[in-house]
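The values are calculated or read from the model by the stated rules, or taken from the named source; none is laboratory data. Keep in mind that what you see is a predicted model, and the values were worked out from it rather than measured. We place every Cβ from the backbone using ideal geometry, glycine too, and count neighbours over all the protein chains shown.
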Amino acid sequence: MVSIREKLLEICRKEKQDTTKTLAEELLKNYDANKFLSMKNLSLRCSVSESQITQFSKIIGYSGYRELVLRMKIEFETYYEKQLKAKNISINENFHLVKNTIIDLINYVDVFKDDVIGTAELLKGIKGGKSNVFLLSSYQNQDIATYFNQWLINNKINTIFNVTRAYDFDVVPKLNENDIIFLLVSGQDNHTIHEIYKKAIKKTKKIVVVTSLSHVDKFDKFLYRMFLDHKGFKSLTFEKRHLYLWYVINQLILNINT
C-alpha cells in the first residue's frame, strides 16, 4: 500500500507547477515537520480555495481534507515516528560503540605501560647528545612518523627519517651501538622495512618496535615492543589503529618531557 507521503512526493516530482503540486509541496513540507495545517491556513498559504483543497483530497483517495489530515497524523505516528526513533537509537548506539572501542584501545596501552615509559627514558637519554634515532615507518603511518620526527628534532633529539625508503639503506652503515631504531609498522608493503631492520639490528640492540600482530614474527628482536592491536578486537580499522598510535606517541612525548 502506497503511503500518503509517497503520494505527495510523487505529485511534487511533476514538472508543471499547478494547484495540485503547490498543495502537495506545502503538505509534504509540514508533514515532515510533524505539522498538520487547518484547511483555512493551507488555503491562505497556497492561495487556493477550500473547495480546491477538498478536490485535491479526493484526487489522492480521501473523502475530504478532514479525512486526509486524520490519515496523515495516524501514518506519521504509527510509521514515520517509529522510523525516526529507530534511527536515533541507531545513532546513539553507534556513538557509544565508537566511544567504547576507543576507550578499550586506550586501556590496552596500559598493557605496554613499562614499554612506553622505557622507550621515553631511552629517547630522553640521548637528548642533546650525538646519538641518533633511526625512525622507520610503514606508508600508512607516515603522517604520524613525520609529526614525531619533527617533534624529536625540535626537542634536541637527533632523528633520521626518510619518506623515501630507498635512502634508508644508506643510513644503516652509519649506525652505531648507541643509536636507536624506532619502528612504526602496520598494513602492507613492508618488505623493505624488514630488510633494513635485519641489517640495522646488527648495529645496535636499542630497538623499539610498534607493530600490528600480523608483523610480530618479522620483528622479533627488540628492547621494547608495543602492539597496535590484539586478538580481542574483531576488526581494527585503519582509523582506530591511527587513534591508538597517536595516543602512544603522545604518551611518549609527555613522558620524555617529564
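If I go through segment 1-34 residue by residue, how many of them are modelled with pLDDT of 90 or more, assigned to a loop (DSSP other than H, G, I, E, B) and either under 17 Å from Ile74 (Cβ atoms) or under 36 Å from the mean Cα position of the chain (by Cα) (or both)?
Residues meeting the conditions: 0.
Cβ-Cβ distance below 8 Å, separation of 6 or more or different chains: which pairs start in segment 41-58 with a residue that is closer than 13 Å to Leu27 by Cα and end on one that is loosely packed, with under 14 Cβ neighbours inside 10 Å and polar (S, T, N, Q)?
Ser43/Ser49; Ser57/Ser63
Run Leu135 past the list (1) touching a Lys or Arg at 6+ places or on another chain (Cβ under 6 Å); (2) surrounded by 19 or more Cβ atoms within 10 Å (Cβ to Cβ) and report the number of the one that doesn't hold.
Result: Leu135 fails condition (1) only.
Out of all the residues in segment 7-22, which are under 19 Å from Ser47 (Cβ atoms) and surrounded by fewer than 15 Cβ atoms within 10 Å (Cβ to Cβ)?
Scanning segment 7-22 gives Lys14, Lys16, Gln17, Asp18.
For segment 135-149, give me the residue count where each residue is over 20 Å from the mean Cα position of the chain (by Cα) and either farther than 16 Å from Leu252 by Cα or of a type in the set (S, T, N, Q) (or both). If you could, list the steps in order and put the result at the bottom.
To start, the set of residues in segment 135-149 that are over 20 Å from the mean Cα position of the chain (by Cα) comprises 135-137, 146, 148-149.
Okay, now just the ones that are also either farther than 16 Å from Leu252 by Cα or of a type in the set (S, T, N, Q) (or both), so 136-137, 146, 149.
Qualifying residue count, segment 135-149: 4.
Report yes if Val69 is over 19 Å from Ser3 (Cα atoms), buried (at least 16 other Cβ atoms within 10 Å of the Cβ) and at pLDDT below 95, otherwise no.
no
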